[in-house]
Amino acid sequence: MNYRIDLTVLSESERGCLMGLTVHNLSDQRISSWSLEFLFDRYIEPKSLTTGDIQQVGSDCLLTPNMTPLEANGHFYCEFLIQSMPIRFHSDGIKQAMLVVDNHLRYPVDVTPIALTQQNADSSSLPHPLVSAIAIIPKPQQLQALSGQFLLSSNTCLLCHSSLAANAKQWLEQEMAELYAIEFGQQPTPTNHVELKFNPTLNAQGYRLNVQSHCVLLEASSERGFVYGVASLLQLLTFPDEKTKCGYLPCVLIVDKPRFTYRGMMLDCARHFHSISSIKKLINQLAYYKFNTLHWHLTDDEGWRIEIRAFPQLTEIGAKRGHGTQLEPQFSHLDSVYGEFYTQTQIQEVIEYAAIRGITIIPEIDIPGHCRAAIKSLPELLFNPNDHSQYKSVQHYRDNVLSPALAGTYTFLDTVLEEVCALFPSPWLHIGADEVPEGAWSDCPLCAELMKDHGYEQPNQLQGHLLSYVESKLKKLGKRMVGWEEAQHGNKVSKDTVIYSWLSEQAALNCAKQGFDVILQPGQYTYLDMCQDFSPQEPGVSWANVLPLETTYRYEPLAQIATSDPIRKRILGIQCALWSEIVTTPQRLEYMVYPRLSAVAEVGWSQPTQREWHDYLSRLPVHLKRWDKQGVGYRNPWKTSI
Ligand code: TNX
């Protein structure tokens with residue numbers, strides 16, 4: 001390659017980091033007119049740049065050197081300050097760069113790993129406990145190992161006595177066929193059958209699984225209970241013998257039910273798009289680990305990913321980013337147009353696939369912040385030319401907030417929400433509400449008028465104004481509004497709103513004390529985009545934590561809250577999240593998700609008294625083996641080099 005850039009951390013302080021950037025021209029051509037476009041997700045303070053100018057929109061940066069030519073075999077050097085915590089990972093460096101010559105010719109640039117001032121301590125290493133044969137994750141509430149085993153083969157008959165078990169039956173049949181090429185026999189036999197039977201005495205999400213040498217009896221009182229019983233059955237199965245096509249289930253009696261009623265995962269498909277097949281593969285694993293919710297983050301500044309039939313512009317324009325489109329390139333794919341979206345038909349297919357596995361999909365339409373893709377797609381409705389408010393969002397956008405004072409905003413919201421509510425059977429709809437930047441709506445005549453009309457004193461009350469409109473719209477559409485913890489800012493939404501807290505568990509407890517139902521999603525323990533270890537090559541971000549498997553596993557929700565404290569009733573459950581800024585490929589997705597997903601599963605399902613780190617580790621190897629068979633990529637926590 002003819003061009004190369006090196007980025008070095010020169011010093012770190014409270015205020016941020018001082019960085020040195022060198023642009024090398026390795027060719028024998030002098031370049032007189034050039035600029036450098038690069039993707040970097042920290043904010044560069046424009047005034048701090050020692051030579052040239054910088055423009056930044058999100059992670060897209062354009063450095064123009066002010067007439068400094070790039071000599072043949074020469075280099076250009078500048079320094080700048082970034083607002084950032086100390087940098088310890090290569091993922092924090094420049095992701096991609098292009099040299100722009102004479103304003104239009106674009107050349108690829110080699111980007112060396114960021115040079116750090118300091119590295120973290122060594123990577124952690126894990127003990128090697130004895131491998132458990134009965135290795136169910138999450139750990140069941142009661143499990144009694146019995147002697148003997150059940151032989152499962154195509155001679156086994158699957159008997160289903162309850163319509164509530166139909167989905168679970170279908171899932172079991174599909175898994176057996178796909179993974180082991182075993183199809184259940186049709187003839188009922190007294191000595192070789194798996195029976196699914198309704199038992200009204202069991203807990204709503206509970207099940208009872210009794211494996212005996214001549215039959216397997218799975219009982220539950222709900223659709224989900226049957227699915228969880230099947231998940232345990234699938235996990236108990238030792239891999240069928242390839243030749244004879246039969247597998248073994250150890251004889252056991254399991255009586256099980258979850259600690260929390262809500263166990264979810266959030267997937268961000270806006271920052272990077274994940275294919276329908278990746279999402280289905282993930283949903284299938286969620287079912288194996290007894291999750292019941294996928295929270296689908298479908299819109300954000302960097303992309304609108306859900307077809308809205310009334311507004312095709314949202315996906316024609318808002319799903320694409322890159323040169324020649326309305327949205328700048330972000331995070332990756334600097335050299336091409338990036339972006340896809342899901343049609344409503346595809347979404348329907350995913351909803352059905354998830355339903356068979358006991359998983360509800362909650363869609364998220366993130367408003368009023370994180371709306372840049374929507375605003376660029378529908379400027380005639382959403383752009384307010386008279387709003388001169390100055391703000392910068394956490395992700396460095398200055399034009400990503402919906403206006404509560406524009407009529408078009410309400411037309412947009414009504415239409416989008418009507419379509420989304422009709423598409424998703426979920427009783428909840430997530431409206432985001434996170435990270436509205438300070439300063440939004442502060443210099444806008446229409447907003448000032450609206451504030452005056454309603455007697456609001458602070459512009460941020462307009463957030464409450466907008467959200468309470470959305471809440472009543474959703475109520476009319478038969479849905480309950482749920483949102484990030486900032487949804488209660490502006491103080492106008494009702495206590496029916498479910499709050500997803502992400503900054504800390506304390507934030508969740510504060511909301512619960514005010515009377516909100518909450519879902520725990522503390523970034524410090526449950527954010528799967530956080531690096532999994534300390535080595536600089538480990539992919540991920542680290543603003544909330546470095547998050548090794550052990551840290552996730554050891555998260556103990558509500559550890560400080562007395563068992564008798566009524567506030568516990570307000571904590572509906574827990575959720576992990578994969579934000580996708582750094583999730584550029586399906587392989588990266590699985591690397592970030594597994595095995596930490598299984599650790600979160602146990603936090604959400606099993607009672608604290610049943611959880612033990614070494615015991616969990618002794619069960620994990622069986623899962624790695626199954627993931628190998630299923631083609632699920634994972635980070636092997638026992639092999640630390642990447
Ligand atoms: C915070 S958690 C965000 C996201 C980012 C994520 C990166 C939340 C509600 N907002 O917009 O993608 O951090 O880790």
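The values are calculated or read from the model by the stated rules, or taken from the named source; none is laboratory data. Quantities reported herein were computed from a predicted structural model and do not represent experimental measurements. Heads up, the Cβs are rebuilt from the backbone with ideal geometry, glycines too, and the neighbour counts pull from every protein chain shown. Accessible surface is based on the protein model in full, side chains and every heavy atom, while ligands, DNA and RNA are left aside. Shrake-Rupley method; radii C 1.70, N 1.55, O 1.52, S 1.80 Å.
Per residue, what accessible area does the range 360-407 have, given a 1.4 Å probe and all protein chains present, in Å²?
33
If I model a spin label at ASP615 and VAL394 as a point 7 Å from the Cα along the Cα→Cβ vector, what separation in nanometres do I get?
3.6
How large is ³J(HN,Hα) for each residue in the range 150-162, as worked out from phi by the Karplus curve 6.51 cos²θ - 1.76 cosθ + 1.60 (θ = phi - 60°), to whole Hz, x for Gly and Pro?
Each residue of the range 150-162 in turn: 9, 8, 10, 8, 5, 7, 6, 9, 9, 10, 10, 9, 9 Hz.
Cβ neighbours within 10 Å, averaged per peptide: list 193-203, 599-609 in order, most packed at the top.
Highest mean packing first, the order is 599-609, 193-203.
Considering amide H positions built from the backbone, and no H for Pro or chain starts, which residues 5 or more places from MET530, or on another chain, come under 5 Å of its amide H?
Residues meeting the criterion, in which the H sits 1.01 Å from N, are VAL541.
For the range 420-560, with only Lys/Arg (+1) and Asp/Glu (-1) charged at the beta-carbon, what is the dipole magnitude about the Cα centre, in debye rounded to 20?
The dipole magnitude comes to about 760 debye.
So, in nm, how far is label ARG568 from label LEU26 when the simple model puts each one 7 Å beyond its Cα toward the Cβ?
Modelled inter-label distance: 6.2 nm.
Provide the per-residue ³J(HN,Hα) series for the range 186-192, in order, calculated from phi with Karplus coefficients 6.51, -1.76, 1.60 and θ = phi - 60°, each as a whole number of Hz, with x at glycine and proline positions.
Karplus-based 3J(HN,Hα) across the range 186-192 equals 9, 7, x, 10, x, 10, 8 Hz.
With every protein chain kept in place and ligands, DNA and RNA left out, what is the accessible area per residue of the range 224-357? Probe 1.4 Å, answer in Å².
On the way: 3990 Å² over 134 residues.
With all protein chains present, the range 224-357 gives 30 Å² per residue.
Helix-derived [θ] at 222 nm for the chain: sum -39500 (n - 2.57) over DSSP H runs of at least 4, divide by residue count, nearest 500?
Result for the chain, helices only: -7500 deg cm²/dmol.
Mind listing which chymotrypsin sites (Phe, Trp or Tyr not before Pro) in the range 238-300 are in a DSSP loop and have 12 or fewer other Cβ atoms within 10 Å?
Details: sites: TYR248, PHE260, TYR262, PHE273, TYR288, TYR289, PHE291, TRP296; in loops: PHE260, PHE273, TYR289, PHE291.
Hits after loop and neighbour filter: nothing returned.
Find the relative contact order for the range 62-168 and round it to a whole percent, using C-alpha pairs within less than 8 Å whose residues are 6+ positions apart.
After rounding, I find 14 percent.
For GLN149, list long-range residues whose amide hydrogen, built 1.01 Å from N in the peptide plane, is under 5 Å from its own amide hydrogen.
CYS251
Once you have the Cα-Cα distance between GLU173 and GLN524, take 0.36 nm times their residue separation minus that, and quote the gain in nm to one decimal.
Here the segment from GLU173 to GLN524 would lengthen by 122.5 nm.
How would GLU485, GLU449, GLU14, GLU556 rank on accessible area, largest to smallest, probe 1.4 Å?
Final ranking, largest accessible area leading: GLU14, GLU449, GLU556, GLU485.
Using the alpha carbons of the chain, what is the convex hull volume per residue in cubic angstrom, as a whole number?
So the per-residue hull volume is 170 Å³.
Multiply the residue separation of ASP53 and LEU503 by 0.36 nm, subtract the distance between their alpha-carbon atoms, and state the gained length in nm to one decimal. The partial results should precede the final answer.
On the way: separation 450, 0.36 × 450 = 162.00 nm, distance 3.46 nm.
Full extension of this stretch gives 158.5 nm more.
Under 20 Å from a label point 7 Å along Cα→Cβ of LEU105: give me every residue in the range 39-68 with its amide N that close.
63-68
Quick one: what are the phi-derived ³J(HN,Hα) couplings along the range 534-545, Karplus 6.51/-1.76/1.60 with θ = phi - 60°, whole Hz, x for glycine and proline?
The phi angles translate into 8, 5, x, 7, 5, x, x, 10, 8, 4, 8, 4 Hz.
Under the classification rounded if a/c is under 1.5, otherwise prolate if a/b is larger than b/c and oblate if not, where does the range 432-503 fall, given a ≥ b ≥ c as square roots of the Cα gyration tensor eigenvalues? If you can, show how the numbers build up before the last one.
On the way: a/c = 2.51, a/b = 1.46, b/c = 1.72.
Here the range 432-503 falls in the oblate category.
Decide, for the range 101-191, between rounded, prolate and oblate: order the square roots of the alpha carbon gyration tensor eigenvalues as a ≥ b ≥ c, take rounded if a/c falls under 1.5, and otherwise choose prolate if a/b is larger than b/c, else oblate.
oblate
Report the calculated FRET efficiency for GLU449 and GLU380 (r = Cβ-Cβ distance, R0 = 25 Å), to the nearest 0.05.
0.75
With respect to the cross-link table entries LYS320/LYS376; LYS320/LYS392; LYS139/LYS280; LYS243/LYS629; LYS376/LYS479, which display a Cα-Cα separation exceeding 18 Å?
LYS320/LYS392; LYS139/LYS280; LYS376/LYS479
Give the calculated FRET efficiency between ALA310 and THR585 to the nearest 0.05, with a Förster radius of 35 Å applied to their Cβ-Cβ distance.
Calculated value: 0.60.
What part of the accessible area of the chain, given as a whole %, is carbon or sulfur when the probe is 1.4 angstrom?
That fraction is 50 percent.
Once you keep just the Cα pairs under 8 angstrom separated by 6 or more residues, what percentage relative contact order results for the range 288-378?
Across the range 288-378, relative contact order equals 42 percent.
Could I have the simple spin-label model distance between LEU151 and GLU550, label points 7 Å from Cα toward Cβ, reported in nm to one decimal?
The answer from the label model is 4.4 nm.
What whole-number value in Å² describes the accessible area per residue of the range 73-167 for a 1.4 Å probe? Mind dumping the intermediate values first?
On the way: 5030 Å² over 95 residues.
Accessible area per residue: 53 Å².
Mind checking the full-extension length gain between THR112 and GLU418? Use 0.36 nm per residue of separation minus the Cα-Cα distance, one decimal, nm. Don't skip to the answer; put the middle values down first.
Details: separation 306, 0.36 × 306 = 110.16 nm, distance 4.80 nm.
Contour length minus the Cα-Cα distance gives 105.4 nm.
Cα gyration tensor of the range 355-421, axes a ≥ b ≥ c as square roots of the eigenvalues: rounded (a/c below 1.5), prolate (a/b > b/c) or oblate?
Here the range 355-421 falls in the oblate category.
Under 13 Å from a point placed 7 Å out from the Cα of MET67 along the Cα-to-Cβ direction: which residues of the range 33-57 have their backbone N that close?
So the set is 33, 52.
Enter the Cα centre distance for the pair the range 1-49 and the range 553-631, rounded to the nearest angstrom.
Taking the Cα centre of each part, the range 1-49 and the range 553-631 sit 39 Å apart.
Rank these by accessible area, largest first, 1.4 Å probe: ASP102, ASP615, ASP60.
Output order, biggest surface exposure first: ASP102, ASP615, ASP60.
Highest mean first, how do 344-357, 316-329, 212-225 rank when packing is the count of other Cβ atoms within 10 Å averaged over residues?
Sorting 344-357, 316-329, 212-225 by mean packing, highest first, produces 212-225, 316-329, 344-357.
Can you tell me, using C-alpha contacts under 8 Å and at least 6 residues apart, the relative contact order of the chain as a whole percent?
Normalised by residue count, the contact order of the chain is 13 percent.
Taking H as built 1.01 Å from N, whose amide H comes closer than 5 Å to the amide H of ARG106, not counting residues under 5 places away?
VAL101
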